[in-house]
């Protein structure tokens, strides 16, 4: 059984979606721990209520990113992780930390990467006149919000969308897509191509469309 360690900074809604799917679908995995850099992160309470181990490594207690990342890695390693999942973890990680978990750390970002890395993605998509927006699950690499793409989900940008309304619809897609992408990893269904892409061994689509069934085989 694989150990999943999830890092959060706030309410951890994607963490909840992953934990719920893991339990409901009977994955060959368990949520070994939920760790936050903020002691007041609401997601910690949910994890504790579900009997999941929690830990806090407060970044404010450390002088610089290197010291924080070293301490964080020590706590993570105490749970023998097979996969580390960033779920709203609002810290820029040092190259050394990323290398430590190379190939076994995933992140979800609220844009269709490589478009709009960084913050304020929904506002930037609207201001750019994008007709489509969405979210991306990718392997974490030292370059911020880059790395091989595991899955993407797409929503239409409506003419009357605000940053908040678009964010709400994208988040709903995140809650569907991130657990699916993690399940693929747990089941050993992800392959790396020679040119650095990640593909599903089954040949299924790695794109989720708003309003479409999660499993392409369910489509009429």
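Any read-out appearing in this document is the output of simple, stated calculations on the displayed coordinates, not a laboratory observation. All values derive from a computational prediction rather than experimental measurement.
At a glance:
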quantity: Part-to-part distance (alpha-carbon centres) for the stretch 124-195 and the stretch 1-71, which is given in Å; calculated: 20
quantity: In degrees, nearest ten, helix 163-186 long axis to first principal axis of the chain (Cα); calculated: 70
quantity: Quarter of Cα convex hull surface for the chain, i.e. mean projection, nm²; calculated: 12.8
quantity: Ratio Rg/Rh, restricted to the stretch 1-101 and using Cα atoms, in which Rh is the Kirkwood radius; calculated: 0.95
quantity: Calculated P(r) of the stretch 126-220 - Cα pairs past 17 Å, %; calculated: 56
quantity: Acute angle (nearest 10 degrees) that the helix 13-25 long axis makes with the longest principal axis of the chain, alpha-carbon atoms; calculated: 90
quantity: Degrees, to the nearest 10: 65-77 long Cα axis against longest axis of the chain; calculated: 90
